[in-house]
1. Would you confirm whether or not segment 194-210 contains a residue that is under 20 Å from residue 179 (Cβ atoms), outside the structural domain of residue 85 (by TED's automatic domain parsing) and out of contact with any strand residue (DSSP E or B) (no Cβ under 9 Å at 6 or more places or on another chain)?
2. Scanning for something part of a helix (DSSP H, G or I), surrounded by fewer than 20 Cβ atoms within 10 Å (Cβ to Cβ) and in the same structural domain as residue 58 (by TED's automatic domain parsing), does segment 129-146 turn up at least one residue?
3. Please list, ordered by residue number, the helices (runs of 4 or more DSSP H) wholly in segment 234-350 having 2 or more residues that are closer than 27 Å to residue 22 by Cβ and either in contact (Cβ under 8 Å) with a residue 40 or more places away in the chain or more than 21 Å from the chain's Cα centre (by Cα) (or both).
4. Which residue out of 189, 237, 198 is buried (at least 16 other Cβ atoms within 10 Å of the Cβ), on the phi > 0 side of the Ramachandran plot and modelled with pLDDT under 95?
5. Tell me, yes or no, whether segment 109-118 has at least one residue that is more than 26 Å from residue 54 (Cα to Cα), crowded, with 17+ Cβ neighbours inside 10 Å, touching a residue at least 40 places away in the same chain (Cβ under 8 Å) and outside the structural domain of residue 246 (by TED's automatic domain parsing).
């Protein structure tokens, strides 16, 4: 009885992990917000990667995204909290088809945190912001008493701009669209998990964390022509959560070919060792795209011409039958569901 009461009346780690329980938490928080959009733009109810504010008398709209970064450990193979805060924010703006312009940064730091660690994180933030050509224009800093926070977290708000005519949304996927994945899945979550104390996993795997700007720049014309109907970076909940979000919001089914999904051997080995599904593991430098089939080969070629997208593949297609489900055509010839995860199996991965 006590276990049931706890699960229904308190917040669990899984409520912040990108799956079914997080959706329940978000609905609980947002259900009574009085105004959920501006000028009939995309707002809270759409639960997309960002919101839009259409500008009256202009052909542009502002894109805004908010993100909290709680990764642990703060320094992991391939990056750190500072790198993550910039990449995560910029990539969310790009996934809405927007050009990133600026961001705000809120740092919450535990009493006793070392200045040398803070300096490394700040340097990473500034270096990545310079690479992204994005300004850090405002923010806040708070210090919490020792023992009330585990080291440090960062919260950001991203600001971008795009043409009103560009429609890249979770609910915009169409029957016949092809699904492109820009690189191998699960590298970030698996590398971070392997680096945590107590697991004793030896691997050279590093996080895939990176800016998606190179891909955005290569696809600007296709984005403007609306050949790309949806984009999503598969962070919390992995590609399983991202694809199920698309299927539900667009009322279609997505069929993925297992043979086509890029997956590194160390990721498979570590997931097998720990009983995890790599489709549920977060990436921080990958994107899923739903694209017009007539332009898919050209779009894939442009993605593969970039360093970050050189391993991109067309991994599936969109169908009308069995809507709101995601199917995996397995290597052995069968078909199984890819279900929405209950939550990210690895806490504090982003």
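The values are calculated or read from the model by the stated rules, or taken from the named source; none is laboratory data. None of the values given here were measured: they were computed from a predicted structure. Quick reminder, even Gly has a Cβ in these numbers, built from the backbone with ideal geometry, and neighbours come from all protein chains shown.
1. yes
2. Narrowing segment 129-146 to residues part of a helix (DSSP H, G or I): 129-132.
Okay, now just the ones that are also surrounded by fewer than 20 Cβ atoms within 10 Å (Cβ to Cβ), so 130-131.
Going one step further and asking which of them are in the same structural domain as residue 58 (by TED's automatic domain parsing), we end up with 130-131.
Yes.
3. Filter on segment 234-350 gives 238-250, 265-274.
4. 237
5. yes
Here's the yes/no breakdown for (1) crowded, with 18+ Cβ neighbours inside 10 Å; (2) outside the structural domain of residue 189 (by TED's automatic domain parsing); (3) closer than 19 Å to residue 231 by Cβ; (4) touching a helix residue (DSSP H, G or I) at 6+ places or on another chain (Cβ under 9 Å):
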{"position": "260", "(1), (2), (3), (4)": "no, no, yes, no"}
{"position": "267", "(1), (2), (3), (4)": "yes, no, no, yes"}
{"position": "273", "(1), (2), (3), (4)": "no, no, no, no"}
{"position": "278", "(1), (2), (3), (4)": "yes, no, no, yes"}
{"position": "287", "(1), (2), (3), (4)": "yes, no, yes, yes"}
{"position": "297", "(1), (2), (3), (4)": "no, no, yes, no"}
{"position": "310", "(1), (2), (3), (4)": "no, no, yes, yes"}
{"position": "317", "(1), (2), (3), (4)": "yes, no, yes, yes"}
